[in-house]
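J.: Take this structure first; my questions come after.
Read the figures in this text as sums done on the coordinates, not as results from a lab. Source: prediction; values computed, not measured. Cβ: placed from backbone, ideal geometry, glycine included. Neighbour counts: every protein chain shown.
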């Protein structure tokens, strides 16, 4: 009396604790519940044994609390995008701020969302991160300026929010695939009607056409 039987893998060896019904789902809560029920049944005749089973139940529950199960997204779940008014306000803010520094928190504030939530919703709506979208919009604005003015690249770079001409050339080449000078020479040779803009998007932009001005429908 007073000495508990050894417990292996949380199975109860003492015959007084055995039940004829099978053990339900083997979760930490189910196992702890079984130990507590067993402790209640023997409390009057063997409190030492009952206390030992309560300690085991507590240890099981404590371990479960310290290592909670990870939550996973349901299969097929998707991140919700921005509402139409949010997408419109953010797009307008970005388009009117291309010449200055655009911060994530400022964009999120226009949509009245936290930066983290906004980042996910923005990508679901526009198909690109805020950084990539802003880069491409700056390149599009620079393309317009190269076709409609004789300003040097250094001035265009600063007007479109790039740090300097070198930064502008690197980003332009990464987005379009050619240097700004090469693109300008080739497109200045096109007929005037082929140089027109369409919804803020430059036409005939070799070798890659930019399509980042509007949110995905």
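J.: Per-residue counts of other Cβ atoms within 10 Å, averaged by peptide: what ranking do you get for 140-148, 89-97, highest first? Intermediate values should be presented prior to the final figure.
T.: On the way: 140-148: 19.9, 89-97: 16.4.
Most protected by this proxy first, the peptides run 140-148, 89-97.
J.: Treat each spin label as a single point 7 Å out from the Cα along the C-beta direction, and report the residue 83 to residue 164 distance in nm.
T.: 4.5 nm
J.: A further question on this structure: Given labels modelled 7 Å from the Cα in the Cβ direction, how far is it in nm from residue 55 to residue 151?
T.: 7.8 nm
J.: Something else about it: Suppose each label sits 7 Å from its Cα in the direction of the beta carbon; what would the residue 174-residue 124 distance come out to in nanometres?
T.: Computed distance between label sites residue 174 and residue 124 equals 2.7 nm.
J.: Using the per-residue mean of other Cβ atoms lying within 10 Å as a proxy for protection, in what order, highest first, do the peptides 127-137, 149-159 fall? List each step's numbers first, then the result.
T.: Working: 127-137: 17.3, 149-159: 15.1.
Ranked from most to least packed, the peptides come out as 127-137, 149-159.
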